[in-house]
Amino acid sequence: MSALELIQLASNIVFVALAAITIVAALRRPARGNIDVALLFGSLGIVVLETRVQTALADVSPLWTISVSLLVMALPYFLLRLVNDFGHVAPRVRRAAEIGLLLSAVAIVLGGTPSPAPITLGLVAYFVVFATYAGVAFIPIARRTHGVTRRRMVAISFGSLVLGSALLVVAMPILIPDTAALSAALVQVLALVAALAWFVGFATPVALRRLWQEPELRAFLVRAAGLARLPDDSDVIEALQQGAGMTAGVTAAIGLWDQSHQVMRWVRDGEAIERGPGEFFAWPAFESGRTIFSADLSRERPQVAAAARDSRVEAAIAAPIKIESRRIGALVLYSERAPMFADDDIALAQLLAEQCAVVLESRRLAVEAAAARANELTARLKEDFMSAAAHDLKTPLTTLVAQAQTLERRMRSGKPADRAGVERIAREAKRLQHLVEEMLEASRIEQGALQLQRELVDVREIAAEVVARHPEAGRIRVEASGPASGLYDRLRLERLVENLVENAVKYSPPDAPIDVRLLRDGTELLLSVSDRGIGIARTDQERIFQRFERGGNVDDRSYPGTGLGLYICRGIAEGHGGRIWVESEIGTGSTFHVALPATEGAMN
Ligand code: ADP
């Protein structure tokens, strides 16, 4: 057997097998797409068988040749029907193909065998034009789709274009002499390639579909694992929709059931849509807990027909999203054309819906756990606050009460009030007042109720005044380079500088110098307070700005404090649109930095 004969035999076997497979599939599920695929491959199979029989019987009766030619010429027409199944072919083009097919049939029947060259060329031209048209028409369909569907459309397009070129090769001997043998071999190979590409595209075997779906499915599953942690609900839904759509190769939508309002919530193009029971395609799936498929929504589901037509959706699969018997929502896969779906897409939709259920459920649990943790934290903070407040108020109050009692006793026994005692009362009362103010300010910040009274102030002046008022002013230097005026809340900035200076004094040895610096840097005003004190461990440097948090190297006896000062400083800095941070090393010293936006009212 020659090589050419071998190729011919192999390709013939493949053609007949493909015809058998597609015809059986169409008989099993006589859907439009399946029937058109069977027509295409069936005629190819018959052409092959007829030619074989003709050769075997050495029968050259024109009847064989005519029937084979008629079937071959019908191929582009069947192909065009398939384009229309998956996308859309303009009626004009369909009419032209039908007329072309009719004229070809007349030419074949009346032209005699072999047909005169002009007729053959005319037939080839008809075939090539429509096969190429079909091949090109699948390109935009492939572009609109993704995943497995895109791969299928690309294969179909490729097959159609290869078939168009095969017909050009048929015509080769007419134009170039002595190429009959080469042409015959090439046509065999090209036809085989085209048929295989079509088969892969039109009747994708399940194993290949799985293989094609695998990368998207894997990406979806990997992505899904991290989705439960996304902060925003709509981001989760969007990511699930996108992942499900990519895996199935069509468009996906997810609806979430709102039990209290008895509506299903969907998001389309960033817009929330609510639908009551029965008002949406997925309702029966949601209600019964079973996956449903409709190949023709506008005919089979009158309630959603108008919406389906508006959004040019022909077919859809809906799967319930549920955890055990608790229904969460529904996943819908929809497509412009029914043949885009394969039989096993129903099982795929179920699998995707189950995955969505797992993600949504773990997200719900995570949100619930976070809320419980937040409640616990609030309760603990409240307790902390009560005990800290009681503790901090107790010391000055005890002194106050004791001093007041002494004073009372002296007055009762007719002695004059002693001056030092009165001064101590005043000092402790002020300390109390300061503490209460701090607590109030911290609670305002906590509630986001810090209202700034902005006015034009010079931060240099504020810093100088704060330092001048301080009992240890002697060791504090103030340095300012450039102007530092802006629209800020005067009292708040005073409190901020006071707190930082107070800490620098408190946490550094007596007489160690402290530097307050002011600097205008581009659009920011930078304030820093540096000391050569005990320093703050790296691991504490973020934490100390939180309420009641104190460094690990301080304790209540050697350094009394509430842990509220820096929290307030941060609230004030952030309230002005700025930031606060610290640079520090244990045993060397600390520098607290505050950056405030230089405001428009600044006079510089
Ligand atoms: P308090 O000083 O009342 O404890 P703050 O909120 O002002 O509260 O400060 C929080 C903690 O930050 C302090 O307890 C201390 O551990 C640390 N800290 C603040 N300023 C300094 C500083 N200049 N040097 C060393 N540690 C500091």
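The values are calculated or read from the model by the stated rules, or taken from the named source; none is laboratory data. Owing to the predicted nature of the structure, the values given are computational and were not obtained by experimental measurement. Reconstructed Cβ throughout: ideal geometry from the backbone, glycine too, with neighbour counts over all protein chains shown. For the accessible areas, the whole protein counts, side chains as well, though only heavy atoms, and no ligand, DNA or RNA atoms are used. Shrake-Rupley method; radii C 1.70, N 1.55, O 1.52, S 1.80 Å.
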Of (1) closer than 23 Å to A166 by Cα; (2) without any contact (Cβ under 8 Å) to a residue 60 or more places away in the chain, P62 fails just (1)
Check whether at least one residue in region 521-541 is near the ligand (Cβ under 8 Å from one of its atoms), open to solvent by less than 40 Å² (accessible area, probe 1.4 Å) and free of Cβ contacts under 8 Å to residues at least 24 places away in the same chain, and report yes or no. yes
Quick check: is even one residue across region 268-280 surrounded by 22 or more Cβ atoms within 10 Å (Cβ to Cβ), in contact (Cβ under 8 Å) with a residue 12 or more places away in the chain and under 25 Å from the mean Cα position of the chain (by Cα)? yes
Given the conditions (1) away from the ligand (no atom under 16 Å from the Cβ); (2) over 24 Å from E437 (Cα atoms); (3) surrounded by 14 or more Cβ atoms within 10 Å (Cβ to Cβ), every one holds for S508 apart from (1)
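Condition check: outside the structural domain of G575 (by TED's automatic domain parsing), part of a helix (DSSP H, G or I) and loosely packed, with under 14 Cβ neighbours inside 10 Å. Does R427 satisfy that?
On the way: outside the structural domain of G575 (by TED's automatic domain parsing): yes; part of a helix (DSSP H, G or I): yes; loosely packed, with under 14 Cβ neighbours inside 10 Å: no.
No: the conditions fail for R427.
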How do the pairs read when you match residues in region 341-360 that are in the same structural domain as R218 (by TED's automatic domain parsing) with residues anywhere that are surrounded by fewer than 23 Cβ atoms within 10 Å (Cβ to Cβ) and of a type in the set (S, T, N, Q), using Cβ under 6 Å and keeping only pairs 6 or more apart or on different chains? I346/T291; A349/T291; Q350/T291
Subset of region 242-257 (residues that are open to solvent by 20 Å² or more (accessible area, probe 1.4 Å) and at pLDDT below 90): Q242, M246, T251
Name the residue that is surrounded by the most Cβ atoms within 10 Å (Cβ to Cβ), counting only residues in region 328-383 that are assigned to a strand (DSSP E or B) and touching a Phe, Trp or Tyr at 6+ places or on another chain (Cβ under 6 Å). A330
Return the only residue of R557, R543, R570 being in contact with a helix residue (DSSP H, G or I) (Cβ under 6 Å, 6 or more places away or on another chain) and within 30 Å of A390 (Cβ to Cβ). R570
Can you tell me which of (1) over 24 Å from Q451 (Cα atoms); (2) touching a residue at least 60 places away in the same chain (Cβ under 8 Å); (3) part of a strand (DSSP E or B); (4) open to solvent by less than 10 Å² (accessible area, probe 1.4 Å) is the one Y488 doesn't meet? (1)
All-but-one check, G45 against (1) farther than 20 Å from A155 by Cβ; (2) modelled with pLDDT of 90 or more, failing number (1)
Please enumerate the residues belonging to region 543-583 that are away from the ligand (no atom under 11 Å from the Cβ), of a type outside the set (G, A, S) and part of a loop (DSSP other than H, G, I, E, B). R557, H576
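If you take the residues in region 173-189 that are in contact (Cβ under 8 Å) with a residue 12 or more places away in the chain and open to solvent by 40 Å² or more (accessible area, probe 1.4 Å), which one is farthest from Y126 (Cα to Cα)? If you could, list the steps in order and put the result at the bottom.
Residues of region 173-189 that are in contact (Cβ under 8 Å) with a residue 12 or more places away in the chain, as a first pass: 174, 181, 183-189.
Then drop every residue that is not open to solvent by 40 Å² or more (accessible area, probe 1.4 Å), which leaves 174, 181, 184, 186, 189.
Values: I174: 16, A181: 24, A184: 20, L186: 20, V189: 21 Å.
Filtering first and then ranking leaves A181.
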Name the single residue, out of those in region 584-598 being within 10 Å of the ligand (Cβ to nearest atom) and open to solvent by less than 40 Å² (accessible area, probe 1.4 Å), that is farthest from the chain's Cα centre (by Cα). G589
Yes or no: region 290-299 includes at least one residue that is in contact with an Asp or Glu (Cβ under 7 Å, 6 or more places away or on another chain), open to solvent by 20 Å² or more (accessible area, probe 1.4 Å) and at pLDDT below 90. yes
